[in-house]
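Have a look at the structure below before the remarks.
The values are calculated or read from the model by the stated rules, or taken from the named source; none is laboratory data. Bear in mind that the values here come from a model prediction, so they are computed numbers and not experimental data. Neighbour counts are summed over all protein chains in view; Cβ atoms, including those assigned to glycine, are modelled from backbone coordinates with ideal geometry. Note: areas computed on protein heavy atoms with side chains; ligands, DNA, RNA excluded. Shrake-Rupley method; radii C 1.70, N 1.55, O 1.52, S 1.80 Å.
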There are 2 protein chains.
Amino acid sequence: MTGRLNPNISVDCVVFGFDRDCLRVLLVEREIVFHGDTEKTVRDYKLPGSLVYNEELLKDAARRVLHDLTGIGGICLERYDVLDSLERMDNRVDRQWLEQTTGLSIERVVSVAFFGLVNLNDPLVSKVKDGARWMNLDETKQLPFDHSAIIERALAVLQQRLRVDATAFGLLPEKFTIAGLQQVFEVIGGEKLDSRNFRKKLKNFHFIVPLREKQRNVAHKPARLYSFDHKRFLQSRKSISFF
Amino acid sequence: MTGRLNPNISVDCVVFGFDRDCLRVLLVEREIVFHGDTEKTVRDYKLPGSLVYNEELLKDAARRVLHDLTGIGGICLERYDVLDSLERMDNRVDRQWLEQTTGLSIERVVSVAFFGLVNLNDPLVSKVKDGARWMNLDETKQLPFDHSAIIERALAVLQQRLRVDATAFGLLPEKFTIAGLQQVFEVIGGEKLDSRNFRKKLKNFHFIVPLREKQRNVAHKPARLYSFDHKRFLQSRKSISFF
DNA sequence: AAATCTTAGCGTACATATTACGCTAACTAT
DNA sequence: ATAGTTAGCGTAATATGTACGCTAAGATTT
């Protein structure tokens, strides 16, 4: 990457992993060594994030930082927040950590937050670098700093996107079942849906096209497979909202 | 304000002015002097914006910059976008202008965009500093740089807010008529509404409370006055959306 | 004083969405 | 054969959205 690190602007990434029946968040381990009477090492997990280069778009920086810290690349990231609190670097190891890591004297950092969403069954993303970890969403309520809040906000925005976007289909294979689609909405939306009403709703959406094919080797009545027609989706995009 | 200007972070403000039957945007004049064969001065209008101080929250910076450049203060501003294009300072007078104005050498500026909304009949905001001007929204399609696009995005976000927020009531006096409220939605939403259906919708919103009072001195049947009950609004806030 | 103009404000009919269910169908595992 | 499981259709009640007709109450005009 060209140029020098900008000491004032950073990015943070919240990557959600859809894991069939739960949501996870991608975090990276950080080691902090305290030089007190006795040397003591503490490990904690934080969101992947770092300073941006001067001649770098923020979304490029987010992708780079995510890839460098976790090994994950090629995913779609959306900007959703800006963190500018003056205290976020005070009284925190973050500041010291940033200065140690970057060699820069950090005065003030405004961080731009991004979020993304991947399917953890995709082998491209399920394997992460050493030190990175997919943590269950439920377990992220006690993260250091404001990272729990950052994740909470990201989830709220993701849930909004899901209602309006084609986001959900990005998690599914080419051919999927209605039940599979429903589970995406349930896991990310955080609530159970009535499968019969869910079906009915989809009937109006002509961009979800039934195939002649059916499931096989399942221990119950095999379900019809469907595919997502992106072209039709864009056409009928005027006034759609899922569940 | 404390500290030094941060050469990397700026704010831009889009302030909409509701003017009974149209929307305006607050712009500031900028003089550019070209030193060619003959000296030539060009004036254009831009959004109010400038660099932030190191020890300043972005929303405080936005308020400060807005007040300094236009004389308008005490309004609510909401962050809605981040402008990080690498070209936004290239080949543009903006860069030169910033360096002249601030005395700093500008390498890269990420700008955080805010928008606000005021009632132009409010004397506190209708009078602006010399060089500032309320321009009709229709006339802002040809502004220099990306400012037209910034305004367009701000309007889209404002329209979304209007559906969910109590934003509309901020433009109205304590006691208002249904027709008055409707006009807010029409002017900002950019489309006519059926007054009878609009009324019907409001019947369900118990935070719009009818008063015993009526209009006076109008050349038609006087309308009932209503007031907005913010406490009740917050209670019933779960699943409300206007028109 | 009567007619007219204008906006207020109620009501109706129809279409479309939402919610809460019952029920049968089709497959596998035992 | 039977039980267990999910697929997938249908129905009825309710809520919401849309397109109107019509009368009411004031000021203004004739």
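Of note:
- When residues of segment B:1-14 are limited to those that are in contact with a helix residue (DSSP H, G or I) (Cβ under 7 Å, 6 or more places away or on another chain) and part of a strand (DSSP E or B), the one modelled with the lowest pLDDT: B:LEU5
- Tally, over segment A:125-158, of residues that are modelled with pLDDT under 95 and within 23 Å of A:LEU57 (Cβ to Cβ): 1
- Scanning segment B:50-74 for residues that are of a type in the set (A, V, I, L, M, F, W, C) and under 13 Å from the mean Cα position of the chain (by Cα) turns up B:ALA62, B:LEU66, B:ILE72.
- Matching residues, segment A:89-114, being more than 14 Å from every other protein chain (Cβ to nearest Cβ), open to solvent by less than 20 Å² (accessible area, probe 1.4 Å) and more than 16 Å from A:PRO48 (Cβ to Cβ): none
- Only one of the numbered conditions (1) crowded, with 20+ Cβ neighbours inside 10 Å; (2) within 14 Å of chain A (Cβ to nearest Cβ); (3) over 17 Å from the mean Cα position of the chain (by Cα); (4) not basic (Lys, Arg) is violated by B:LEU86, and that is (1).
- Any hit, segment B:166-174, residues being free of Cβ contacts under 8 Å to residues at least 40 places away in the same chain and open to solvent by less than 50 Å² (accessible area, probe 1.4 Å): no
- Among the candidates B:ALA149, B:ALA154, the residue that is more than 10 Å from DNA strand C (Cβ to nearest atom) and out of contact with any strand residue (DSSP E or B) (no Cβ under 8 Å at 6 or more places or on another chain) is uniquely B:ALA149.
The rows are residues; the columns are (1) within 16 Å of DNA strand D (Cβ to nearest atom); (2) of a type in the set (Ser, Thr, Tyr); (3) away from every other protein chain (no Cβ under 14 Å); (4) open to solvent by less than 30 Å² (accessible area, probe 1.4 Å).
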| site | (1), (2), (3), (4) |
| --- | --- |
| A:GLU152 | no, no, yes, no |
| A:ALA156 | no, no, no, no |
| A:LEU162 | no, no, yes, yes |
| A:SER195 | yes, yes, yes, no |
| A:LEU202 | yes, no, yes, yes |
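- Within segment A:212-232, residues that are farther than 13 Å from A:LYS175 by Cα and more than 14 Å from chain B (Cβ to nearest Cβ) reach partners that are open to solvent by 90 Å² or more (accessible area, probe 1.4 Å) and within 16 Å of DNA strand C (Cβ to nearest atom) with beta carbons closer than 6 Å, at six or more positions or on different chains, in the pairs A:PRO222/A:LYS214; A:ARG232/A:HIS206.
- The set of residues in segment B:158-174 being out of contact with any Ser or Thr (no Cβ under 7 Å at 6 or more places or on another chain) and assigned to a helix (DSSP H, G or I) consists of B:LEU158, B:GLN159, B:GLN160, B:LEU162, B:THR167, B:ALA168, B:PHE169, B:GLY170, B:LEU171.
- Filtered residue count, segment A:71-85, keeping only those that are of a type in the set (Gly, Ala, Ser) and in contact (Cβ under 8 Å) with a residue 60 or more places away in the chain: 2
- Taken over segment B:1-23, the criterion of being within 14 Å of chain A (Cβ to nearest Cβ), open to solvent by less than 50 Å² (accessible area, probe 1.4 Å) and among the aliphatic types (A, V, I, L, M) is satisfied by B:LEU5, B:ILE9, B:VAL11.
- Test: residue in segment A:16-31 that is free of Cβ contacts under 8 Å to residues at least 60 places away in the same chain and not assigned by TED's automatic domain parsing to the domain that holds A:LEU181: yes
- Odd one out for A:ARG133 among (1) open to solvent by less than 70 Å² (accessible area, probe 1.4 Å); (2) of a type in the set (Lys, Arg); (3) away from every other protein chain (no Cβ under 14 Å): (1)
- Checking A:LEU77, A:LEU26, A:LEU57 one by one, the residue that is at pLDDT 95 or above and more than 14 Å from chain B (Cβ to nearest Cβ) is A:LEU26 and no other.
- A count restricted to segment A:204-233 and to residues that are near DNA strand C (Cβ under 7 Å from one of its atoms), surrounded by 12 or more Cβ atoms within 10 Å (Cβ to Cβ) and either at pLDDT below 95 or part of a strand (DSSP E or B) (or both) stands at 1.
- The set of residues from segment B:175-190 being open to solvent by 30 Å² or more (accessible area, probe 1.4 Å) and not in a helix (DSSP H, G or I) comprises B:LYS175, B:GLY190.
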